[in-house]
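Working notes, structure below.
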């Protein structure tokens, strides 16, 4: 029997983000997911090394890789619409869950179980999920910083709003605070400044 899961997930590269914004460089869902995965992994490593937590950094990285996979089916809904009101937010969550279930149905039964706690939040990985959500916001902020660095003022308001959201997360999650202080400033540097 043939299964479509990995061929379907590979289509993340065709889903462009920030559709309502003029981008100097488009960002696709695959790129975004890689960034979120790396940042989520780093946040867990920080939590373990500095705060004595026992987080599964590798599992967080997996959650980050697949965190927006449902958008292969739903498309990328712009944030102002997705969070316009509670009714739309809840309806979109239901649609997202159904899309994730559809994706998992494209795996053999004996394998799909291994992906359940990657696609759906469980108690075992509750804090890792919070860090993936924070990594998602950090990735959005980094996109805004990179666009602004090229002179694109289209992302100014998005940077302000996302920056406030990340700052709020930093008060709740010490790992985010550390990442913001130690790693975020480098994203505004040029290649020469990074060397």
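How big is the C-alpha Rg of the range 1-74 next to the rule-of-thumb value 2.2 N^0.38 Å, as a ratio? All intermediate terms of the calculation are to be shown ahead of the outcome.
Working: Rg = 15.1 Å, N = 74, 2.2 N^0.38 = 11.3 Å.
My calculation over the Cα atoms of the range 1-74 gives 1.34.
Taking N as the number of residues in the range 28-108, what is its alpha-carbon radius of gyration divided by 2.2 N^0.38 Å?
On the way: Rg = 15.1 Å, N = 81, 2.2 N^0.38 = 11.7 Å.
Rounded to two decimals, the normalised Rg is 1.29.
What FRET efficiency do you get for residue 4 and residue 28 if R0 is 25 Å and r is their Cβ-Cβ distance, rounded to the nearest 0.05? Walk me through the intermediate numbers first.
Details: r = 20 Å, r/R0 = 0.80.
The computed FRET efficiency comes out at 0.80.
Sorted from fewest to most neighbouring beta carbons within 10 Å, what does the list 92, 51 look like?
Numbers: 92 17, 51 12.
Ascending Cβ contact count within 10 Å gives the list 51, 92.
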message: Quick one: the Cα spread of the range 87-180 along its three principal axes, in angstroms, biggest first?
response: 49, 29, 28
Length gained when the stretch residue 177-residue 123 is fully extended (0.36 nm per residue, less Cα-Cα span): 17.1 nm
- request: Could you work out how far helix 57-66 tilts from the main Cα principal axis of the chain, as a 0 to 90 degree angle to the nearest 10?
  value: 80
query: Just how far, in whole angstrom, is the range 1-67 from the range 131-195 if you go by their alpha carbon centroids?
result: 16
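Report the semi-axes of the equivalent ellipsoid for the range 139-195 in whole Å, largest first, where each axis is √(5λ) for an eigenvalue λ of the Cα gyration tensor. Write down the numbers at each step before the final one.
Numbers: eigenvalues 82, 53, 6 Å².
Largest first, the range 139-195 gives 20, 16, 5 Å.
Grab the DSSP H runs of the chain that are 4 residues or longer, score each as -39,500 (n - 2.57), total them, divide by all residues and round the 222 nm result to the nearest 500 deg cm²/dmol.
On the way: 12 runs with 127 residues, N = 195.
Computed mean residue ellipticity for the chain: -19500 deg cm²/dmol.
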field: q = 0.11, 0.19 Å⁻¹, the chain: log10 I(q)/I(0) [Debye, one scatterer per Cα]
entry: -0.53, -1.49
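How large, in Å, is the range 64-140 by the Kirkwood hydrodynamic radius built from its alpha-carbon pairs? Let's see the in-between values first.
On the way: mean 1/r = 0.0738 Å⁻¹.
With all distinct Cα pairs of the range 64-140 included, I get 13.6 Å.
If I stretch the segment between residue 113 and residue 11 completely, what's the gain in nm (0.36 nm per residue apart, minus their alpha carbon distance), one decimal? Intermediate results must be reported in sequence, preceding the final value.
Numbers: separation 102, 0.36 × 102 = 36.72 nm, distance 2.21 nm.
Stretched out fully, the residue 113 to residue 11 stretch lengthens by 34.5 nm.
Would you list 139, 70 from fewest to most Cβ contacts within 10 Å?
Values: 139 24, 70 20.
Least crowded to most crowded, the residues run 70, 139.
Each reported figure results from applying straightforward, stated rules to the coordinates on display, with no laboratory input. None of these values were measured; they are calculated from a predicted model. Here Cβ is always computed from backbone atoms with ideal geometry, including for glycine, and neighbour counts include all displayed protein chains.
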